[in-house]
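What follows draws every value from the coordinates through simple rules; no lab data is involved. All figures in this text were calculated on a predicted structure; none of them were measured in a lab. Every residue, glycine as well, gets a Cβ built from its backbone with ideal geometry; the counts of neighbours run over all protein chains shown.
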Amino acid sequence: MRVDIGNALATEADPGIPEGALDDLDERVAGAHERIARGRADGEFGYAALNLPERTDPAAVRRAVEGFDPAVVLTVGIGGSALGAVTLTAALGADSAVDHYALDNVDPAHADRLLGALPLSETVVHVVSRSGTTAETLANFLVVREAMADAGVDWTERTVVTTGDEGPLRALADRHGLPALDTPAGVPGRFSALSSVGLVPAALQGVDLDALLAGGQAGADALAGSLTECPAYAYGAVAQALDERGATINAVMPYAESLEPFAEWFAQLWAESLGKDGGGQTPVRALGATDQHSQLQLYRAGRRDKLVTFVRPRERPDRPIPETDVDDLAYLGGESLGALIDAEFAATEASLAAAGRPSVRVELDRVDAEDVGRLLYDMEAACVLAGELAEVSTFTQPAVEWGKRAARGLLGGGDFAEAEAVRDKTEFVVE
């Protein structure tokens, strides 16, 4: 992976990082790297995620899905239990004969439409919950089971489970003899894409899991105690330094349609990990070139509170643009869509620089298994580094847990004080 921070320096942008401040920032990076290295060596909770490329056994994933020949894979999970898998299959599974969908919300209208459209007799369900008690996941799984039964499909013959060592989902898998994989110990869900949590649908699509993990391992091998030697740390350090200087919004803008779900995955990773103690950079999802025609106006001419992170492949498949006899369009004829999107990217990057707005360029060689594995790993490492620099508890999510307890209490799943806070809501209604 290649990271260009030139347009985030104070000579180019406001807010920006003075070149003289890079030495101080690099000293902070060195200290944070030592802490991260200790956490990895000791397998501490959260830090253990950065060991996943070496720990994950792709053969175990392939054994779990052996014998299935589906037309569709349906992931039933939420948050980190679904976003990583969607990111991988969107980036790498476009040419597969196997489609991948995720049921990661409990909107009944969406569930009805999706289940009504799927060929359930040709669908493999991958249900994922680290605790085995996630209300949304288990509710959706019960709905899927019923839909399969109503369609005359034996759900026990078409379900793979990924969960923890114990809990109701593990008990269910044991009782019915379902193929079951373990969620990785010590790894929060949002950091688990390069494990069985994210790899099952990719395996069913025929994605090269070994190459994917090799890309992640290349990121692990590249971790070093200086931002000038490590692309992941360069990105994490600069993003955090800009946050401290007022760029409190991070707009992640891939210039590849297949990487659009990556921006959503990144948003959870960044928000849930760094949104602590009254701080944290707010991630925003965008797509190049589409959002040049919507959000770019704000990024270039709105408040100076944004970093734009461009993510682009340096090589891509291409398609020629046909010649035309329309004079005003003649400049397009003989060009290609690839040349056009590259020009759109360069123009957008230059537009922001001309307005003195900070951006960082993150480049892959191409959207393939190895480079996508490297991209996900490096962004996880960048996030961990940013958390160290911000001195927050990167791997916890207390606000999320508060909401879970409130919802469970409202549904009669226990006596939780948080549910009372929901009932005590102040109303000021206008109709």
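Its Cα centre serving as origin, the chain has a Cβ charge dipole (Lys and Arg +1, Asp and Glu -1) of approximately 840 debye.
For the stretch 191-263 versus the stretch 94-144, the spacing of their alpha-carbon centroids is 26 Å.
The separation of the stretch 381-411 from the stretch 283-328, counted between C-alpha centres, amounts to 32 Å.
Among residues other than Val143 with Cβ under 12 Å from its Cβ, the summed charge is -4 (Lys and Arg +1, Asp and Glu -1). Around the amide H of Leu103, modelled in the peptide plane, lie the amide H atoms of Thr75, Val76, Gly77, all under 5 Å away and 5 or more residues distant in sequence or on another chain.
Sorting Tyr101, Tyr255 on the 10 Å Cβ count, fewest up front, what's the list?
Numbers: Tyr101 18, Tyr255 23.
Ranked by crowding around the Cβ, least crowded first: Tyr101, Tyr255.
Using C-alpha pairs below 8 Å separated by at least 6 residues, the relative contact order for the stretch 1-138 is 22 percent. Treating r as the C-beta distance of Leu142 and Ala30 and R0 as 56 Å, the FRET efficiency rounds to 0.65. Based on Cα contacts under 8 Å between residues 6+ apart, the chain shows a relative contact order of 23 percent. Straight-line cross-link partners of Lys404 among the lysines, defined as a Cα under 19 Å from its Cα and at least 8 positions apart when in the same chain: Lys276, Lys425.
Report, for the chain, the % of DSSP beta bridges that are antiparallel, rounded to 5. Restricted to the chain, the bridges split so that about 10 percent are antiparallel.
In the stretch 50-207, the alpha-carbon atoms span a convex hull of 102 Å³ per residue. Computed across the stretch 220-325, the Kirkwood radius stands at 15.6 Å (inverse of mean 1/r, all Cα pairs).
Most exposed first by the Cβ proxy, i.e. fewest other Cβ within 10 Å, how do Asp305, Asp328 rank?
The most exposed by this proxy come first: Asp328, Asp305.
Which whole-number percent gives the relative contact order of the stretch 50-207, counting Cα pairs below 8 Å spaced six or more residues apart? This gives 36 percent for the stretch 50-207. Calculated [222 nm] ellipticity per residue, helices only, for the chain: -14500 deg cm²/dmol; basis is -39500 (n - 2.57) per DSSP H run with n ≥ 4, divided by all residues, nearest 500.
What does the charge count near Leu287 come to, summing +1 for each Lys or Arg and -1 for each Asp or Glu among other residues with Cβ under 11 Å from its Cβ? That sum, taken over residues with Cβ under 11 Å, equals -3.
For the chain, modelled as a GNM with alpha-carbon contacts under 10 angstrom, which of Met253, Met379, Met148 fluctuates the most? Looking only at Met253, Met379, Met148, the largest GNM fluctuation is found for Met148. Placing dummy labels 7 Å off each Cα toward the beta-carbon, the span from Leu332 to Arg38 is 5.8 nm. Result for the chain in a Gaussian network model with C-alpha springs under 10 Å: among Glu146, Glu264, Glu401, the largest mean-square fluctuation is at Glu401. Between Pro108, Pro283, Pro184, the Gaussian network model of the chain with springs among Cα atoms under 10 angstrom shows the greatest mean-square fluctuation at Pro108. Working note: Cα gyration tensor of the chain, eigenvalues times five, square-rooted, sorted largest first, giving semi-axes of 36, 28, 23 Å. Compared with the dominant Cα axis of the chain, that is its longest principal axis, helix 398-410 is turned about 30°.
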